[in-house]
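Step one of this worksheet: look at the structure below.
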Amino acid sequence: MPSNRLIVCLTGMPGAGKSTVALFLKERGFASLTMGDAVREEAKMQGLEPTDSNLGKLMLKLRDDLGAGAVAHLVLKKLERDGSKGNIVIDGIRSIPEVEVLRSVGHVRLLAIHASQDTRFKHLQDRGRSDAPASTDEFAGRDRRELSVGISEAIALADETLSNNELTLEQLKDRAYQIVDEWLREAGSEST
């Protein structure tokens with residue numbers, strides 16, 4: 001696969017705005033993959049209902065069985081099946097070992113999206129997915145689980161951080177594009 005392919009990896013706590021940034025980049029021609037979707041696909045293959053609890057347990061089991069980069073290996077398999085050769089955005093990086101796995105297929109940059117707890121909880125409620133937390137206690141438990149797998153290290157070691165508190169969608173899009181356009185130039189990759 002081309003070494004100048006840009007792989008934008010998005011990290012951040014649940015509800016920070018990673019999926020929104022991924023959607024913006026997809027609109028600009030990036031292939032888009034989601035770490036959580038890889039786990040959801042695996043859950044489906046194992047006959048598990050896609051609840052937050054089941055998905056969380058499966059993610060932890062995959063990491064226990066296959067190492068901290070396990071979910072990134074699932075994403076690489078999906079990339080191979082899809083045959084995508086262009087720039088990619090990967091939503092939901094939770095650990096530095098996942099980033100290291102992805103470095104084998106392109107020029108990787110890690111973007112952390114940050115938002116306050118209140119903002120994130122509201123985003124998750126508005127999104128309405130089957131794994132959305134039903135209460136603030138469940139939300140806090142999800143945060144603890146994310147922190148336990150190393151997401152704080154991924155956030156701390158990100159190449160750039162984008163704060164998503166009180167931004168409009170247009171402001172979030174503009175800031176994300178500014179960062180990614182610079183990375184495209186660094187990678188010598190085609191701007192989309």
In this structure, does G47 turn out to be out of contact with any Phe, Trp or Tyr (no Cβ under 6 Å at 6 or more places or on another chain), at pLDDT 90 or above, within 24 Å of L6 (Cβ to Cβ) and surrounded by fewer than 14 Cβ atoms within 10 Å (Cβ to Cβ)? no
Return a yes/no flag: does region 51-65 have any residue that is modelled with pLDDT of 95 or more and among the aliphatic types (A, V, I, L, M). no
Across region 41-75, what is the total count of residues that are closer than 20 Å to G150 by Cα and either touching a residue at least 12 places away in the same chain (Cβ under 8 Å) or in a loop (DSSP other than H, G, I, E, B) (or both)? 16
Among residues of region 113-136 being in a loop (DSSP other than H, G, I, E, B) and at pLDDT 90 or above, the residue surrounded by the fewest Cβ atoms within 10 Å (Cβ to Cβ) is S116
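For every residue, the table says whether it meets (1) over 16 Å from E98 (Cα atoms); (2) over 16 Å from the mean Cα position of the chain (by Cα).
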{"position": "S19", "(1), (2)": "yes, no"}
{"position": "A38", "(1), (2)": "no, no"}
{"position": "E41", "(1), (2)": "yes, no"}
{"position": "E49", "(1), (2)": "yes, yes"}
{"position": "G67", "(1), (2)": "no, yes"}
{"position": "V71", "(1), (2)": "no, no"}
{"position": "K77", "(1), (2)": "no, yes"}
Could you tell me whether any residue of region 152-173 is touching a Phe, Trp or Tyr at 6+ places or on another chain (Cβ under 6 Å), of a type outside the set (F, W, Y), surrounded by 22 or more Cβ atoms within 10 Å (Cβ to Cβ) and within 19 Å of G17 (Cα to Cα)? no
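The values are calculated or read from the model by the stated rules, or taken from the named source; none is laboratory data. Since this is a predicted model, take the numbers as computed values, not measurements. Don't worry about glycine lacking a Cβ; one is built from the backbone with ideal geometry, like all the others, and counts go over all protein chains shown.
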